[in-house]
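Following: one structure in structure tokens, then a few remarks.
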There are 4 protein chains.
Amino acid sequence: MSVIGETTLRVRYAETDQMGVVYYANFLVWFEVARVELMRQLGFSYKQMEIEDDSFVVVAKASCIYKQPAKFDDVIRIRTQVSDSRKRTISFSYEVFKDGVDSLIATGETLHVICDSKGRPKSLPDKYRRYFPLTRSANATTTRSAHR
Amino acid sequence: MSVIGETTLRVRYAETDQMGVVYYANFLVWFEVARVELMRQLGFSYKQMEIEDDSFVVVAKASCIYKQPAKFDDVIRIRTQVSDSRKRTISFSYEVFKDGVDSLIATGETLHVICDSKGRPKSLPDKYRRYFPLTRSANATTTRSAHR
Amino acid sequence: MSVIGETTLRVRYAETDQMGVVYYANFLVWFEVARVELMRQLGFSYKQMEIEDDSFVVVAKASCIYKQPAKFDDVIRIRTQVSDSRKRTISFSYEVFKDGVDSLIATGETLHVICDSKGRPKSLPDKYRRYFPLTRSANATTTRSAHR
Amino acid sequence: MSVIGETTLRVRYAETDQMGVVYYANFLVWFEVARVELMRQLGFSYKQMEIEDDSFVVVAKASCIYKQPAKFDDVIRIRTQVSDSRKRTISFSYEVFKDGVDSLIATGETLHVICDSKGRPKSLPDKYRRYFPLTRSANATTTRSAHR
């Protein structure tokens with residue numbers, strides 16, 4: 001149902017640490033790359049969203065589960081999808097693979113709040129709603145919230 | 001009960017992004033800095049732990065909740081503690097403050113597996129156990145697991 | 001004659017690469033940290049210079065000579081000075097030491113152009129001139145330029 | 001005469017700073033990416049060179065001249081060539097373009113010493129000499145050195 005974006009990148013020497021593997025914070029950098037590419041694949045430019053619509057996709061939560069190390073020069077493939085979409089928030093989920101062997105090396109999630117350039121939360125502009133249709137559970141929020 | 005380490009650092013220009021705030025992945029870098037300082041405050045050097053005891057504190061999970069932005073030149077204070085300690089794993093929790101105003105700007109957690117230099121999980125060497133006493137729930141794991 | 005600023009920092013795990021030493025680009029990050037600290041030691045805040053005076057110290061050239069590696073957890077000391085100061089440009093030079101042993105591990109230089117927030121070159125505002133007095137050779141530029 | 005490698009990459013959000021442009025140290029990261037790609041285009045894998053031949057291309061000098069800013073989401077093209085090759089050292093030069101407009105935004109150079117995994121200088125292994133033929137001036141070093 002949901003669009004799944006795919007991004008590939010090659011591990012940079014700069015991204016490794018003295019354990020000989022990719023430093024853990026860099027997975028969040030890759031998530032950002034994957035997120036921006038997903039938006040391009042959905043049909044719009046995140047760069048233009050910031051400039052033209054004063055709408056910033058600000059990170060409110062991020063998490064990553066590391067299963068296997070990534071190494072220098074590895075080709076990494078990231079599958080990204082919108083896991084939740086509400087009036088003012090969007091969540092993405094990520095699956096990180098080592099290309100060729102197709103082994104899942106990490107998964108992650110990020111939750112974002114739409115803000116203006118001053119950092120004030122705002123609703124996602126209507127023109128972007130078609131890329132981020134409200135998730136069903138979000139539609140049902142009012143009726144279901146009592147059960148939480 | 002648990003030791004709480006404190007680390008301060010000043011936000012680098014390099015750590016900001018074009019939103020004018022600290023890029024989100026850098027909080028995980030700060031967690032690493034805080035973790036290493038906590039170990040020093042506990043009484044040992046993580047550097048020596050790697051070299052002398054072939055024991056690497058490898059990240060298996062990381063998460064961060066972002067509450068307020070950090071900005072260039074801010075002095076950041078991180079309170080770190082061991083939130084869980086088991087035979088082969090250690091968890092840390094982090095609270096990130098903007099110094100002076102004492103406002104909590106982020107919280108985070110990381111879970112680590114002790115590994116040798118080849119990435120194979122191993123038990124935490126005995127000499128480090130006094131810094132990471134087994135958490136009570138860990139002692140009671142077998143009896144309590146049925147209730148989860 | 002010239003003020004020499006001193007900054008110390010501890011090498012982060014994030015700054016190492018799989019060679020087991022600090023990745024080369026990070027020395028330029030340290031130069032930035034040292035530059036900002038020199039300005040603070042000179043008597044003003046670079047952060048405020050950007051905000052209050054719409055003056056950005058934009059890098060036009062950077063170089064570094066690497067003599068010895070820096071390693072994780074090393075305490076690094078950087079001695080910084082203004083090596084040249086003209087109407088619209090400022091140059092800094094850096095000496096990087098490993099603390100304790102006092103061995104010089106790297107040297108570097110950066111040349112900067114004062115710009116407004118739109119990236120247009122401008123003269124250094126008068127209020128900052130006392131921190132960056134024109135270097136003698138700069139005063140003599142017109143008469144000496146024929147000899148170059 | 002010399003082989004020119006080409007690499008393209010897209011500017012990451014992580015690479016920008018609060019000036020709204022790419023932070024200057026990241027150009028050195030790009031140089032590393034471009035250098036590794038040039039080696040691949042020359043016919044070998046730098047990763048394997050480290051693993052199989054205990055030969056590390058260690059940076060001894062790096063410089064960059066910044067002409068125009070690079071911005072988020074820009075596609076960057078880097079032309080790389082071996083500018084000098086001697087018994088134990090290799091130099092690379094880099095030209096950084098903004099794709100599409102073909103404007104040169106930066107140039108750079110790096111000088112490297114071949115070292116073993118312990119950081120001791122060594123000669124470039126013979127099997128790599130065909131990728132890095134001795135430069136003419138290097139051949140003539142002894143006779144010409146008196147004139148320097």
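The values are calculated or read from the model by the stated rules, or taken from the named source; none is laboratory data. Nothing here was measured: the structure is a model prediction, and the numbers come from that model. As a convention, Cβ positions derive from the backbone with ideal geometry for all residues, glycine included, and neighbour counts pool all protein chains shown.
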* Output the residues belonging to the range D:1-28 that are assigned to a strand (DSSP E or B) and under 30 Å from D:Gly43 (Cβ atoms). => D:Ile4, D:Gly5, D:Glu6, D:Thr7, D:Thr8, D:Leu9, D:Arg10
* To do: Determine which single condition C:Val33 fails, assuming it passes every other condition in (1) within 20 Å of D:Val29 (Cβ to Cβ); (2) out of contact with any Lys or Arg (no Cβ under 6 Å at 6 or more places or on another chain).
  => (2)
* Could you check, for the range B:93-106, whether at least one of its residues is under 11 Å from the mean Cα position of the chain (by Cα), part of a strand (DSSP E or B) and farther than 30 Å from D:Val22 by Cβ? => yes
* **Evaluation of B:Ala14 against (1) away from chain A (no Cβ under 12 Å); (2) touching a residue at least 12 places away in the same chain (Cβ under 8 Å) (one fails), failing number** => (2)
* **Residue within the range A:57-64 that is touching a helix residue (DSSP H, G or I) at 6+ places or on another chain (Cβ under 7 Å), of a type outside the set (A, V, I, L, M, F, W, C) and not in a helix (DSSP H, G or I) present** => no
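Residues are listed down the side, and each one gets a yes or a no for (1) free of Cβ contacts under 8 Å to residues at least 60 places away in the same chain; (2) within 11 Å of chain D (Cβ to nearest Cβ); (3) crowded, with 20+ Cβ neighbours inside 10 Å; (4) under 30 Å from A:Phe72 (Cβ atoms):
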residue	(1), (2), (3), (4)
C:Glu6	no, no, no, no
C:Ala25	yes, yes, yes, yes
C:Leu28	no, yes, yes, yes
C:Arg40	yes, no, no, no
C:Gly43	no, no, no, no
* If you check B:Gly20 against the conditions, is it of a type in the set (Gly, Ala, Ser), touching a residue at least 24 places away in the same chain (Cβ under 8 Å), more than 9 Å from every other protein chain (Cβ to nearest Cβ) and surrounded by fewer than 22 Cβ atoms within 10 Å (Cβ to Cβ)? -> no
* Regarding C:Ile90, is this residue hydrophobic (A, V, I, L, M, F, W, C), more than 14 Å from chain D (Cβ to nearest Cβ) and under 11 Å from the mean Cα position of the chain (by Cα)? -> yes
* Structure fact -> Exactly one of A:Ser63, A:Ser83, A:Ser103, A:Ser55 is hydroxyl-bearing (Ser, Thr, Tyr), out of contact with any Cys (no Cβ under 9 Å at 6 or more places or on another chain) and at pLDDT 95 or above, and that residue is A:Ser83
* To do: Look at A:Glu32 and say whether it is within 11 Å of the chain's Cα centre (by Cα), of a type in the set (Asp, Glu) and either within 8 Å of chain B (Cβ to nearest Cβ) or surrounded by 23 or more Cβ atoms within 10 Å (Cβ to Cβ) (or both).
  => yes
* Asked: So is B:Thr80 within 13 Å of chain A (Cβ to nearest Cβ), hydroxyl-bearing (Ser, Thr, Tyr) and assigned to a strand (DSSP E or B) or not?
  -> no
* Scope the range D:82-119; condition in contact (Cβ under 8 Å) with a residue 60 or more places away in the chain and either at positive phi or crowded, with 17+ Cβ neighbours inside 10 Å (or both); matching residues -> D:Val82, D:Phe92, D:Tyr94, D:Val96, D:Ala106, D:Gly108, D:Thr110, D:Cys115, D:Gly119
* To do: Determine whether B:Val57 is of a type in the set (Val, Ile, Thr) and closer than 18 Å to C:Glu15 by Cβ.
  => yes
* To do: Filter the range D:52-76 for residues that are small (Gly, Ala, Ser), over 17 Å from D:Thr107 (Cα atoms) and more than 7 Å from every other protein chain (Cβ to nearest Cβ) and give the result.
  => D:Ser55
* Asked: Only one of (1) in contact (Cβ under 8 Å) with a residue 12 or more places away in the chain; (2) closer than 27 Å to D:Thr110 by Cβ; (3) not polar (S, T, N, Q) fails for C:Val36. Which number is that?
  -> (1)
* Asked: Of all the residues that make up the range C:36-50, how many are among the aliphatic types (A, V, I, L, M), more than 15 Å from the chain's Cα centre (by Cα) and under 19 Å from C:Thr8 (Cα atoms)?
  -> 0
* Residue tally, condition charged (D, E, K, R) and in contact with a Ser or Thr (Cβ under 6 Å, 6 or more places away or on another chain), over the range D:37-70 -> 2
